[in-house]
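Structure, as structure tokens:
The values are calculated or read from the model by the stated rules, or taken from the named source; none is laboratory data. All values reported here derive from a predicted model rather than from experimental measurement. Reconstructed Cβ throughout: ideal geometry from the backbone, glycine too, with neighbour counts over all protein chains shown. Heavy atoms of the whole protein, side chains included, go into the accessibility calculation; ligands, DNA and RNA do not. Shrake-Rupley method; radii C 1.70, N 1.55, O 1.52, S 1.80 Å.
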Amino acid sequence: MRVLVVEDDADFASGVIAALEQDGYACDTIPDAAGARLMLECEHFNLIVLDIGLADGCGVELLRWQRGRPPSGRTPDDVPVVVVSARDTVEDRLAALDSGCDDYLVKPIDKRELTARIRTVLRRAEGRGTSDIVVGSMIIDTLRRTVRFGDINVELSSREFALLRVLAARPGSVLSKGQLENALYSASGEVESNAIEVHIHNLRKKLGERVIRTLRGAGYALRIDS
Ligand code: CA
């Protein structure tokens with residue numbers, strides 16, 4: 001899952017990123033609104049962590065722009081947004097919530113609360129009531145980051161888990177290799193050209209050949225009845 005952290009306080013941003021990476025998210029950070037617009041136009045993110053007081057403008061304006069622009073395949077306008085700001089008046093919160101943010105946290109924050117709020121927002125965005133994603137006889141626990149397949153607990157590496165998590169968010173849908181790379185690796189991260197194939201191969205070894213379908217030239221899909 002890709003997260004964009006829009007934050008002009010570099011130290012705060014690295015703390016947030018360290019906490020999110022520990023939870024398996026691939027993160028990018030940008031300190032200003034203009035750069036954030038560019039990134040959001042070019043890349044797909046699963047969630048945005050947004051500061052309000054940015055050097056070149058107001059985070060709420062960026063939020064309104066994000067919510068107002070027409071959705072397209074690569075850049076949907078309904079990407080969940082969690083605001084993390086030092087501004088703590090009710091007016092600040094109302095302005096952000098009414099402009100479409102999904103949650104609002106006031107600095108200083110406990111990183112555990114931020115990651116819990118992010119899980120909740122993503123769960124809501126995916127239409128789930130609990131932290132478990134259930135696909136056929138497979139239960140993916142997004143809180144403990146464990147997978148149970150039938151009666152067996154399956155050990156996955158963090159990348160394998162991240163890949164399964166992305167496929168399971170839209171079971172049955174075909175995701176291209178590019179979409180999977182985009183979901184797993186930050187823009188600054190090095191990606192081996194065959195990384196996705198290797199992780200798919202390993203997932204099949206651990207979960208069985210039929211769990212993930214390959215659609216030649218199109219991509220991969222998790223079987224709904226896996
Ligand atoms: Ca700031």
Would you calculate the convex hull of the Cα atoms in the chain and tell me its volume per residue in Å³? 121
Charge tally in the Cβ shell below 13 Å around R117, where Lys, Arg are +1 and Asp, Glu are -1, R117 excluded: 0
Expressed per residue, the solvent accessible area of the stretch 171-218 in Å² (1.4 Å probe) is about 57
Grab the other residues whose beta carbon is less than 13 angstrom from that of L215, score K and R as +1, D and E as -1, and report the net. +4
In percent, what relative contact order does the stretch 102-226 have, based on Cα pairs under 8 Å that are 6 or more apart in sequence? 22
Per residue, how large is the accessible surface of the stretch 1-131? Use a 1.4 angstrom probe and give square angstrom. 46
Taking all protein chains as present, what is the carbon and sulfur share of the accessible area of the stretch 168-210, in % to the nearest whole number, probe 1.4 Å? 47
Based on the Cα atoms of the stretch 121-226, what semi-axes does the equivalent ellipsoid have, where each is the square root of 5 times one gyration tensor eigenvalue, given in whole Å with the largest first? 20, 16, 14
Cα centroids of the stretch 116-193 and the stretch 96-114: how far apart, whole angstrom? 23
Return the long-range amide H neighbours of G53 (sequence gap of 5 or more, or a different chain), with a cut-off of under 5 Å between placed amide H atoms. G59, A86
Using a 1.4 Å probe on the protein chains only, how many percent of the accessible area of the stretch 64-166 belongs to carbon and sulfur? 50
Spatially proximal aspartates and glutamates relative to K206 (Cα-Cα < 18 Å; intrachain offsets below 8 disregarded): D141, D151, E155, E160, E197, D225
Per DSSP H run of n ≥ 4, the term is -39500 (n - 2.57); total these for the chain, divide by its residue number, and report the mean residue ellipticity at 222 nm rounded to 500 deg cm²/dmol. -12000 deg cm²/dmol
How much length is gained on full extension from V90 to L143, taking 0.36 nm per residue of separation minus their Cα-Cα distance? 16.0 nm
